[in-house]
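Scroll down for the structure; my scribbles are underneath it.
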Amino acid sequence: MTRLIPPVLYGSDLPIAVLSAARLDGLLWGVHEGYCAVDEPDRPELRALALAPAVNEHDIVVGRTAAWVHGAGTAVIGALELRPRTRPPGAWRAGVRYREISVHASEVTRFGKSSPLVTTRSRTISDIAIDVHRTVHDIDLVLSLCDNDPDVVRACANDLAAARRRPGKTGGLEFFARVISAAERGQQRPEAA
């Protein structure tokens with residue numbers, strides 16, 4: 001069955017006033033800077049497509065923005081975080097935080113033919129851990145990405161500990177210790193009386 005409209009609409013598809021009015025009327029819902037039909041469930045494919053206009057072809061969505069694509073949080077926290085492949089001088093844009101990190105091909109995924117590349121969940125967790133620009137949301141983002149499972153965080157911490165020459169490794173391991181503690185506290189349930 002062919003689609004009559006794309007899953008995510010942008011200001012280039014229809015005037016923003018029309019899209020905003022449809023959103024107010026309950027026909028569309030906002031996803032980042034795009035709009036989706038109300039019968040489209042919130043899922044990583046739509047979130048990645050919503051970022052497509054802001055991401056160049058070979059850039060990779062990383063960090064907190066990748067966490068949002070994977071379903072952590074209701075909105076992108078801070079500036080878009082991208083790892084550029086190459087960029088000519090003067091092409092840096094406001095509202096985008098470019099991270100110069102090495103990403104292996106096995107650490108990226110694409111949710112659809114026209115969606116941007118996004119780091120995997122485990123790589124996203126690691127990127128948040130080693131980031132020197134800590135936010136108050138980081139622990140919650142990582143807990144969401146690992147479904148509040150301390151064993152998943154331990155596995156990521158072990159991978160980071162085994163990595164050689166990884167910038168931010170010491171701070172990342174300290175961060176993982178705090179996340180593991182938070183996950184363990186979250187798993188403790190009060191005993192029934």
Task: the chain: calculated mean residue ellipticity at 222 nm from DSSP helix runs of at least 4, using -39500 (n - 2.57) - done: -11500 deg cm²/dmol
Task: Heavy-atom accessible area ranking, 1.4 Å probe, most first, across THR120, THR65 - done: THR120, THR65
Open item on the list: Quick one: the Cα spread of the chain along its three principal axes, in angstroms, biggest first?
Closed with: 59, 48, 32
- [ ] Take the alpha-carbon centre of the range 1-42, take the same for the range 118-190, and report the distance between them in whole Å.
- [x] 34
- [ ] Round to the nearest 10 and report in Å² the accessible area of ARG110, as given by a 1.4 Å probe over the protein chains' heavy atoms.
- [x] 110
Task: With every protein chain in place, the range 10-133: carbon and sulfur % of accessible area (1.4 Å) - done: 56
- [ ] Provide SER115, SER106 ordered by accessible surface of protein heavy atoms (probe 1.4 Å), highest first.
- [x] SER106, SER115
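The values are calculated or read from the model by the stated rules, or taken from the named source; none is laboratory data. Please read these numbers as outputs of a predicted model, since none were measured by experiment. Protein only, heavy atoms only, side chains kept; ligands, DNA and RNA dropped before computing areas. Shrake-Rupley method; radii C 1.70, N 1.55, O 1.52, S 1.80 Å.
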